[in-house]
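The next block holds one structure in the form of structure tokens; read it before the comments.
The values are calculated or read from the model by the stated rules, or taken from the named source; none is laboratory data. Quantities reported herein were computed from a predicted structural model and do not represent experimental measurements. With ideal geometry, Cβ positions are generated from the backbone for all residues, glycine too; neighbour counts draw on all protein chains shown.
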Protein chains: 2
Amino acid sequence: MQEDIRQKVKERIQSGDFDCAKELTMSMFMGKHKLFILWELRKGNPIHFNEFTRLIPNVSRKVLTNQLNELIQDNMIKKKDYDEGNVKRVSYELTQTGKTIMPILEAMYQWGENRIEELKISPNYQTNSSEN
Amino acid sequence: MQEDIRQKVKERIQSGDFDCAKELTMSMFMGKHKLFILWELRKGNPIHFNEFTRLIPNVSRKVLTNQLNELIQDNMIKKKDYDEGNVKRVSYELTQTGKTIMPILEAMYQWGENRIEELKISPNYQTNSSEN
DNA sequence: CAGAATCCCCTTCGATACTG
DNA sequence: CAGTATCGAAGGGGATTCTG
């Protein structure tokens with residue numbers, strides 16, 4: 001589904017329909033672990049593939065690969081291959097474009113923190129819609 | 001899947017795990033039509049159920065109902081029932097909490113617009129931006 | 001170490017029909 | 001007008017296995 005929106009936004013833009021700015025933005029970080037990945041990279045430090053598998057609880061490598069590849073396609077992060085002795089290593093870091101989206105993530109972080117405080121005070125956060 | 005994240009965030013918060021602020025925020029507008037719905041409501045004017053079915057291309061009433069109900073559960077929008085002559089009508093509008101998320105949507109809109117301009121100039125989703 | 005390829009599951013969406 | 005109910009289809013995610 002996320003992929004669906006992401007693909008549709010791409011298609012719309014490529015066919016000249018530019019009326020989907022918010023959706024484009026959302027499709028940058030929509031995906032199971034993208035917010036987490038981008039957030040971890042925000043300080044500028046590159047992160048290795050396997051570091052992510054440790055940082056993110058219960059990611060399969062397939063899904064991680066998928067999320068990273070989509071972020072690369074969207075030009076949010078980039079990859080650096082290099083050799084470390086005999087071992088091939090890969091690290092990921094934000095692109096310039098990726099950095100420009102950080103204020104939005106920070107705003108989301110802040111909004112979420114505030115909302116959580118509100119919910120602590122008046123936890124009118126219904127798990128069920130059976131109430132009215 | 002969106003629902004999955006949304007539910008999981010709820011559960012985490014309710015069990016005292018408050019370390020998911022960004023995810024909470026994202027779960028507010030993640031969903032096929034939620035961004036659209038919130039955006040249409042941003043000016044403060046209430047919108048009727050059937051108006052949404054006209055505004056949003058190809059929504060089924062089931063999906064629309066679902067999206068609206070989730071937004072209500074999350075306290076982003078609220079519902080007003082009233083009678084108009086003999087006809088029951090329902091309209092939706094932002095809550096106070098819903099209004100507080102608008103700056104993020106506006107930032108998303110702006111970021112998306114800028115990104116689209118970039119893509120018009122160099123229309124490849126991959127590459128460039130002057131590799132460090 | 002960093003993936004790619006499979007297979008299966010589960011949710012979510014879409015279409016249609018029915019209700020108060 | 002504003003939903004509900006039900007069924008089917010599609011696609012993303014998880015676990016596992018294989019590769020350079």
- Message: For the structure I just gave you, tell me whether residue B:54 is more than 14 Å from DNA strand D (Cβ to nearest atom), assigned by TED's automatic domain parsing to the domain that holds residue B:98 and among the basic types (Lys, Arg).
- Response: no
- Might you check whether a residue that is surrounded by 17 or more Cβ atoms within 10 Å (Cβ to Cβ), under 23 Å from residue B:36 (Cα atoms) and of a type outside the set (Asp, Glu) occurs anywhere in the range A:42-56? no
- Query: What number goes with the only condition from (1) at pLDDT below 95; (2) away from DNA strand C (no atom under 15 Å from the Cβ); (3) in contact with a strand residue (DSSP E or B) (Cβ under 9 Å, 6 or more places away or on another chain) that residue A:57 does not pass?
  - Reply: (3)
- Residue check, residue A:65 away from DNA strand D (no atom under 16 Å from the Cβ) and not assigned by TED's automatic domain parsing to the domain that holds residue A:25: no
- Scan the range A:6-17 and give yes if some residue there is in a strand (DSSP E or B) and away from DNA strand D (no atom under 13 Å from the Cβ), otherwise no. no
- Item | Members of the range A:7-27 found to be among the hydrophobic types (A, V, I, L, M, F, W, C), farther than 15 Å from residue B:29 by Cβ and in contact with an Asp or Glu (Cβ under 9 Å, 6 or more places away or on another chain), listed by number | A:18
- Task: Would you confirm whether any residue within the range A:53-60 is within 13 Å of the chain's Cα centre (by Cα) and more than 25 Å from residue B:107 (Cα to Cα)?
- Result: yes
- Message: Report every pair of residues separated by at least 6 positions or lying on different chains whose Cβ atoms are under 6 Å apart, first residue within the range A:98-122 and facing chain B (nearest Cβ under 7 Å) and closer than 28 Å to residue A:73 by Cβ, second basic (Lys, Arg) and surrounded by 14 or more Cβ atoms within 10 Å (Cβ to Cβ).
- Response: A:108/B:22; A:109/B:22; A:112/B:22
- Note on the structure: By residue number, the members of the range B:21-47 that are without any contact (Cβ under 8 Å) to a residue 12 or more places away in the chain and not assigned by TED's automatic domain parsing to the domain that holds residue B:59 are B:21, B:22
- Query: Which members of the range B:68-111 meet the condition of being touching a Gly at 6+ places or on another chain (Cβ under 9 Å) and either within 11 Å of DNA strand D (Cβ to nearest atom) or aliphatic (A, V, I, L, M) (or both)?
  - Reply: B:71, B:76, B:77, B:94
- Message: Looking at the range A:1-20, I want the residues that are within 16 Å of DNA strand C (Cβ to nearest atom) and have a partner that is at pLDDT below 85 with Cβ atoms under 8 Å, at least 6 apart or on another chain. Which pairs are those?
- Response: A:1/B:1; A:1/B:2; A:2/B:1; A:2/B:2
- Among (1) more than 11 Å from every other protein chain (Cβ to nearest Cβ); (2) surrounded by 12 or more Cβ atoms within 10 Å (Cβ to Cβ) - the single one residue A:88 does not satisfy: (2)
- Task: Scan the range A:35-51 for residues that are touching a Leu at 6+ places or on another chain (Cβ under 8 Å), away from chain B (no Cβ under 14 Å) and within 14 Å of DNA strand D (Cβ to nearest atom) and jot them down.
- Result: A:49
- Message: Contact list please: Cβ distance under 6 Å, first residue in the range A:63-82 and among the charged types (D, E, K, R), second residue part of a helix (DSSP H, G or I) and surrounded by 14 or more Cβ atoms within 10 Å (Cβ to Cβ), pairs at least six apart or on different chains.
- Response: A:74/A:28
- Please give the number of the condition residue A:25 fails out of (1) over 22 Å from residue B:33 (Cα atoms); (2) buried (at least 18 other Cβ atoms within 10 Å of the Cβ); (3) within 13 Å of the chain's Cα centre (by Cα). (1)
